[in-house]
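All remarks here apply to the structure that follows.
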Amino acid sequence: MPSDIALPEILAGLIAVSLNAYVLFGGADFGGGVWDLLASGPRRDRQREVISHAIGPIWEANHVWLILAIVLTFSCFPAVFARLGTVLHIPLSLMLVGIVLRGSAFTFRTYDDQHDAVQRRWGRIFAGASLVTPVLLGVCIGAVASGHAGPVAAAGSFTDRFVDPWLTPFSLAVGLMALALFAHLAAVFLTLESDDPGLTEDFRTRALWSGGVLFLVAFGTLLIAREQAPLMGVGLLVSPWSLPFHVATGLAAIAVLAALWWRRYHLARVAAGLQVSLIVWGWAGSQYPYLVPPDLSIRDAAAPAATLRLVLIALGLGIVVLLPSLVYLFRVFKAAPSHSVRGPEGGH
Amino acid sequence: MPDLLAARSQMAMSLAFHILFAVVGIGMPVLMVVAEQRYRSTGDRICLELAKRWARGTAILFAVGAVSGTVLSFELGLLWPGFMEFAGPIIGMPFSLEGFAFFTEAIFLGVYLYGWDRISPRAHVWAGILVAVSGAASGIFVVIANAWMNAPTGFDMVNGRIANVDPIAGMLNPMAFQQTLHMTLASYAATGLAVAGIHAFLLLLDPHNAFHRRALSIALLVGAPAAVLQPLSGDLSARAVAQYQPAKLAAMETHFETGRRVPLVIGGWPDMATGETRYAIRIPGGLSFLAFHDLGAEVTGLDRFPRADWPSVPIVHTAFQLMVGLGTFMALVGVWAGVLAFRRRDLSVNTWFLRALALAAPMGFIAIEAGWTVTEVGRQPWIVYGVLRTADAVTPMPGLMVPFLGFTALYCFLGAIVAWLLYRQIIRSPRETEWSRVYAPAGPRRAV
């Protein structure tokens, strides 16, 4: 690590922090949609209810982490934003469609309180979009991490310029990994969302299974990375700090499964959060000092210092306002399983 | 369709869609808080029902506004990478602040919606107030960024790149105050009169429905004062446009030749070949007076600009006429409501007033779309006025017709669903069985 950590590095770090938060909280919301789709067994409807109550009060607040990452990117690293918008135009647009459908379908389902076929259709759109969006997010991350998101060639076919950079085995593998990760995370979180031991067992089983799938997908991704993504392969496998990082990630993953096995759900939740964060920071570290390898480094892409300083001050002020509000929100709703949704007497 | 036009159309369509939800997200929380406050102080259960319905309306529209706003923040990079690379360091600041305001709004809307029986009544009302305040703040920050595109400040151009960036000076640009004031008032006027107008229409069908009467009075309380103040704020905006964007003003008024004592052109259709406006009403010295508060003032015409730098005069002129016409009607309805209320008349039984109000229901939203058309089309061919051309900011990706059509279809679908949901959830009066105690057919009337 360099000794002259300064403004651009701090802000790049903050982008990683907000992506970490988005993957942790927003990712669990996406995963909830996956379990909504795969709800089964005698408690099928109750599973969906728990998922809906867990997501309800907070999904918009969780979604804001993505906006924060976007805003930080275009204020502080405008060249990166311009590059990603150009090279990844297609997967980002499709991801947007997924975000729009998922968010609105969830809201429509919640507020359209007639229990009829229309509501079930919203449920399916919500679940389907929850499945597709994480894959596309992973594809975009995979394209960046593997160093394929270089400058767009001035000439060449449409496919060469705007499809090949992101349609690679590696980015698809990262997409699948994101999906498995989010589903696993959501299942771990959901074990603590209800009083019914039967439901807790349902989500425990799901968490264990998805944890196994995640192991396989992550291992496969690593193998492809060695072949297909030279930059990330080097960062992931060779650099001196990467080994302890991988060991830590693996240990966290094993801790999650062990805690689930012995039904220590609070421990499982903490370990799962740690595991996800380690993956995000492992990715960020593997690309350092590049934001978009092979050419856009943190220093090269940074906005003028005046902007960076002001954004940092604004973030500081914002945190003073937001952190207490966020703590308040979680204390009001996550202290006990939620019962009321729409008002006194649950009335309409 | 050329790619540039497709990109502009997609952006226009996304903004036109989002603005409706953004406006309601600013206006509706105020209605909701006023209704809850009335319930808390009078115990009137209709007000509680209204607060809950409007909160549900806010939630539905806020969610759609949140996702369509996310789409816009991405589209800035997807469609206009050249603009973002250039302007990001300056307008990133208001967007960062907007992010926080939006975050605060999301948090307290969650508290408000799901906290009816979890927090104290006082805390609940305060959560509502914070939703309203942060909603207004987030709108103001976004409009500041747009104002910068009209009157860019806070940087120097050195060899085609920006230098000496000062984001604070960028935020304090000379259009910021006028535009944010105009848009905030527009949000309250449009939302207030739309809700009042819908309930006025329902009162015409069902005159003694206590639910609609109460809704009407609260919505007017918010919408009417804003509608009355809006022409004054419009005057401020027009004078700033005259000073900083003379080409836009000239297009708004089909003012082709620079001169003194310039008439105000009302209506008509500009003939671009001859530079004349046919079938228009002209008020001598009107434009000079409105733009500079001086009947003899010189007003720059389109002749001072190269033809390639003209915005589309027919579109800008027509949109401007539409906005002013609708705004004037709304202001008059607001004055009428004020006069009736001042004389302590019951507004909800005055059939002609209710008809006028029902007619005004969609006007605020149409006026807002028209006003943004004036702002945006009137700035062309520039994306940053006088500094960066729209054609130089667009993405190099071809085939932009496809995302344009895709997002248009998606938004049409969403729009239809939202309209249907709002009808089912908020507008339709409560079923009689639920509300037999307060629904008072032909009962004694009280002034609202």
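The values are calculated or read from the model by the stated rules, or taken from the named source; none is laboratory data. Owing to the predicted nature of the structure, the values given are computational and were not obtained by experimental measurement. Heads up, the Cβs are rebuilt from the backbone with ideal geometry, glycines too, and the neighbour counts pull from every protein chain shown.
Key figures
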item	result
Extreme residue, surrounded by the most Cβ atoms within 10 Å (Cβ to Cβ), among residues of the range B:109-122 that are more than 9 Å from chain A (Cβ to nearest Cβ) and either over 13 Å from B:A55 (Cα atoms) or among the acidic types (D, E) (or both)	B:P121
Hits in the range B:275-285 (condition: of a type in the set (A, V, I, L, M, F, W, C) and part of a loop (DSSP other than H, G, I, E, B))	B:A280
Segments classed as helices (runs of 4 or more DSSP H), wholly inside the range B:286-378, with at least 3 members that are free of Cβ contacts under 8 Å to residues at least 12 places away in the same chain and of a type outside the set (K, R)	B:313-342
Scan of the range B:62-107 for residues that are within 19 Å of A:A82 (Cβ to Cβ) and of a type in the set (V, I, T), ordered by number	B:T70, B:V71, B:I90, B:I91
Hey, B:G57 over 28 Å from B:R161 (Cα atoms), at pLDDT below 85 and in a helix (DSSP H, G or I) or not	yes
When residues of the range B:388-412 are limited to those that are β-branched (V, I, T), touching a Phe, Trp or Tyr at 6+ places or on another chain (Cβ under 8 Å) and over 12 Å from B:D309 (Cα atoms), the one farthest from the other protein chains (Cβ to nearest Cβ)	B:V394
All positions within the range B:281-305 that are touching a His at 6+ places or on another chain (Cβ under 9 Å) and of a type in the set (S, T, N, Q)	B:T300
Positions within the range A:148-167 being closer than 23 Å to A:P289 by Cβ and surrounded by fewer than 20 Cβ atoms within 10 Å (Cβ to Cβ), in sequence order	A:G150, A:P151, A:V152
Which numbered condition B:T58 fails, given (1) under 30 Å from B:G386 (Cα atoms); (2) buried (at least 23 other Cβ atoms within 10 Å of the Cβ); (3) among the hydroxyl-bearing types (S, T, Y)	(1)
Lone unmet requirement of (1) part of a helix (DSSP H, G or I); (2) modelled with pLDDT under 85 for A:M1	(1)
Residue in the range A:128-149 that is more than 10 Å from chain B (Cβ to nearest Cβ), modelled with pLDDT under 90, over 21 Å from A:I224 (Cβ atoms) and in a loop (DSSP other than H, G, I, E, B) present	no
Selection count, the range A:204-231, where residues are crowded, with 24+ Cβ neighbours inside 10 Å and modelled with pLDDT under 80	2
Pairs where the first residue, in the range A:281-300, is closer than 17 Å to A:P78 by Cα and the second is part of a strand (DSSP E or B) and of a type in the set (D, E, K, R), C-beta under 6 Å, 6+ apart	none
Some residue of the range B:73-84 being in a helix (DSSP H, G or I), among the hydroxyl-bearing types (S, T, Y) and farther than 23 Å from B:Y423 by Cα	yes
Selection count, the range A:177-211, where residues are among the small types (G, A, S) and more than 19 Å from the chain's Cα centre (by Cα)	2
Count of the range B:65-89 residues which are more than 7 Å from chain A (Cβ to nearest Cβ) and among the acidic types (D, E)	1
Flag for A:L199 being touching a residue at least 24 places away in the same chain (Cβ under 8 Å) and either surrounded by fewer than 20 Cβ atoms within 10 Å (Cβ to Cβ) or not in a helix (DSSP H, G or I) (or both)	yes
Which numbered condition B:A280 misses (of (1) at pLDDT 85 or above; (2) surrounded by 15 or more Cβ atoms within 10 Å (Cβ to Cβ))	(1)
Set B:L232, B:L204, B:L216, B:L220: member being under 20 Å from the mean Cα position of the chain (by Cα), in a helix (DSSP H, G or I) and in contact (Cβ under 8 Å) with a residue 60 or more places away in the chain	B:L220
The one condition in (1) of a type outside the set (D, E, K, R); (2) in contact with a Ser or Thr (Cβ under 8 Å, 6 or more places away or on another chain); (3) surrounded by 20 or more Cβ atoms within 10 Å (Cβ to Cβ) that B:A393 fails to fulfil	(2)
Cross-chain or 6+ apart pairs with Cβ under 9 Å, the range B:157-185 first and away from chain A (no Cβ under 12 Å) and free of Cβ contacts under 8 Å to residues at least 24 places away in the same chain, then β-branched (V, I, T) and surrounded by 15 or more Cβ atoms within 10 Å (Cβ to Cβ)	B:L172/B:I144; B:L172/B:T153
Number of the condition not met by B:P174 [criteria: (1) more than 24 Å from B:L287 (Cα to Cα); (2) modelled with pLDDT of 90 or more; (3) not in a helix (DSSP H, G or I)]	(1)
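Okay, residues lined up against (1) more than 14 Å from every other protein chain (Cβ to nearest Cβ); (2) touching a strand residue (DSSP E or B) at 6+ places or on another chain (Cβ under 7 Å); (3) assigned to a helix (DSSP H, G or I); (4) modelled with pLDDT under 85:
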position: A:V247; (1), (2), (3), (4): yes, no, yes, yes
position: A:A252; (1), (2), (3), (4): yes, no, yes, no
position: A:G273; (1), (2), (3), (4): yes, no, yes, no
position: A:G282; (1), (2), (3), (4): yes, no, yes, yes
position: A:G285; (1), (2), (3), (4): yes, no, yes, yes
position: A:A306; (1), (2), (3), (4): no, no, yes, yes
position: A:L310; (1), (2), (3), (4): no, no, yes, no
position: A:L315; (1), (2), (3), (4): no, no, yes, no
